[in-house]
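The values are calculated or read from the model by the stated rules, or taken from the named source; none is laboratory data. Predicted model, so just to flag it, every value in this text is computed and none were measured. Positions of Cβ are backbone-derived with ideal geometry, glycine not excepted, and every protein chain shown enters the neighbour counts. Heads up: the accessible areas ignore ligands, DNA and RNA and are worked out on the full protein's heavy atoms, side chains in. Shrake-Rupley method; radii C 1.70, N 1.55, O 1.52, S 1.80 Å.
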Amino acid sequence: MFASSRHTIIHTYLQLLQVPNPNWPEKKAIDETSWTDVEYCKLRGKWYPVSKTEAEKAAWEFREKNDGIDVVAIHPGTCLGELIQKEMNASSAVLQRLMMGSKDTQECYWLGAVHVKDVARAHVLVYETPTAAGRYLCVNGIYQFSSFAKTVSELYPDFPIH
């Protein structure tokens, strides 16, 4: 979370949107109004999206109770690009497992990818834009994981991608 004279910026991963809400209308696009179905995740042991969703909802509730606090949420998808740390991050690990032949179908998993530099630009834009408000998805689109895997397999045909 970053505070400026204009906003309190919440950076939370798109995880709270990536496990779909089974009650979300089939033809309705996943957008900034989308939320993860917490009960659906709890039943499946998906605790990370539960914690992310509950944390963001708590921030919005805090905002409602404390006038004058301006909250803006940025939701990047799976961040890909150059790593600055030595350790593998969670986003890169998703890609690594896929490229190493993982057979986990991730049928309940939706994914939006974004370059890490685009996430940095989004933070700067929100920080510098006094009218920025609400929630912003920072992705190139939202796809079922199998669609992402298919695209990666076409880009890298020599890898055992399923």
Among the numbered criteria (1) of a type outside the set (A, V, I, L, M, F, W, C); (2) assigned to a loop (DSSP other than H, G, I, E, B); (3) closer than 23 Å to Val71 by Cα, which one does Tyr136 miss? (2)
Among the residues of the stretch 111-120, are any open to solvent by 80 Å² or more (accessible area, probe 1.4 Å), in a helix (DSSP H, G or I), farther than 27 Å from Glu154 by Cα and among the hydrophobic types (A, V, I, L, M, F, W, C)? no
Of all residues making up the stretch 57-77, the number that are surrounded by 10 or more Cβ atoms within 10 Å (Cβ to Cβ), more than 14 Å from Ala132 (Cα to Cα) and of a type in the set (Gly, Ala, Ser): 3
Please go through the stretch 61-83 and give me each residue that is β-branched (Val, Ile, Thr) and at pLDDT 85 or above, ordered by number. Val71, Val72, Ile74
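Here's the yes/no breakdown for (1) among the aliphatic types (A, V, I, L, M); (2) open to solvent by 70 Å² or more (accessible area, probe 1.4 Å):
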| residue | (1), (2) |
| --- | --- |
| Asn89 | no, no |
| Asp104 | no, yes |
| Ala122 | yes, no |
| Val126 | yes, no |
| Arg135 | no, no |
| Lys150 | no, yes |
Would you please list the contacts, defined by Cβ atoms under 6 Å and residues six or more apart or on different chains, that run from a residue in the stretch 133-162 that is closer than 17 Å to Ser92 by Cβ to a residue that is open to solvent by 40 Å² or more (accessible area, probe 1.4 Å) and assigned to a loop (DSSP other than H, G, I, E, B)? Phe145/Gln106
